[in-house]
Amino acid sequence: MSTKITPQLTKELRDRTGVGMMDCKKALEEAAGNIDQALELLQKRGLAKAARKSGRIAAEGCVQAYIHGAGKIGVLLEVNCETDFAARSADFRTFVDDVAMHIAASSPAYLKQDEVPEAEVAHQREIFEAQQAQSGKKPEIVVKIVEGQINKWKSEICLMDQLFVKDDKKTIDQVRTDLVGKIGENITIRRFVRWELGEGIEKRKYDIAADVQAMLGT
């Protein structure tokens, strides 16, 4: 019989380590609910160390430009670390390149969930509620379904919660955390912008048959 991992137990581990709730829950599941063993698992993975470093100032790093698809997509990305030495390391540079490529491929709208405007969340909630309106489910069930849809939607449009294109078992934030544990410095993705050629421009639609007829004067 599997041990039930309660929110209270997960929160206790989070308070002791500073690690995210999902990572804490996973560690507790693997440790069959033993909080000390779960703590040891997090320490071995470098997550607890990474969480302790999260409050340290990271003002070094780099601004990376990435061009994809023969100039069709461009990304400008700022990633910070604590020292110039770390910024020049192969691990850090690879991480920056990978994140820029991920942004080009996955087109996130925001960096983190707390940046999503409330008006946009409310609008999306209305859409999900309208979709569930004819389901026949009880109102309290609909509320839970819609909340789950909102959380999933946010994770899909926010960079830090998106699944990494090169490893769909990890989010971008988990990849970042792994690197923090490896190089021993705080690393933050500060901001990014993504451009796509012709984005926002209404492109002319060509009627080839009509053009040919016009050329022939028919």
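The values are calculated or read from the model by the stated rules, or taken from the named source; none is laboratory data. Here the structure is a predicted model, which is why all the values come from computation and not from measurement. A quick note on method: Cβ atoms are made from the backbone with ideal geometry, for glycine too, and the neighbour counts reach across all protein chains shown.
General observations
- Cβ-Cβ under 8 Å pairs, at least 6 apart or on other chains, segment 79-95 side not assigned by TED's automatic domain parsing to the domain that holds Tyr66 and surrounded by 15 or more Cβ atoms within 10 Å (Cβ to Cβ), far side modelled with pLDDT under 90 and of a type outside the set (Phe, Trp, Tyr): none
Residues checked against (1) assigned to a loop (DSSP other than H, G, I, E, B); (2) charged (D, E, K, R); (3) outside the structural domain of Ile172 (by TED's automatic domain parsing):
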{"site": "Pro108", "(1), (2), (3)": "yes, no, no"}
{"site": "Asp114", "(1), (2), (3)": "no, yes, no"}
{"site": "Ala122", "(1), (2), (3)": "no, no, no"}
{"site": "Glu126", "(1), (2), (3)": "no, yes, no"}
{"site": "Gln131", "(1), (2), (3)": "no, no, no"}
{"site": "Lys137", "(1), (2), (3)": "yes, yes, no"}
{"site": "Ile141", "(1), (2), (3)": "no, no, no"}
{"site": "Ile145", "(1), (2), (3)": "no, no, no"}
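- Residue in segment 94-109 that is in contact with a strand residue (DSSP E or B) (Cβ under 9 Å, 6 or more places away or on another chain), within 14 Å of Asn186 (Cβ to Cβ) and at pLDDT 95 or above present: yes
- Contact annotation: residue pairs with Cβ atoms under 6 Å, 6 or more positions apart or on different chains, pairing a residue in segment 155-181 that is free of Cβ contacts under 8 Å to residues at least 60 places away in the same chain with a partner that is part of a helix (DSSP H, G or I) and surrounded by fewer than 18 Cβ atoms within 10 Å (Cβ to Cβ), are Cys158/Gln113; Asp161/Ser155.
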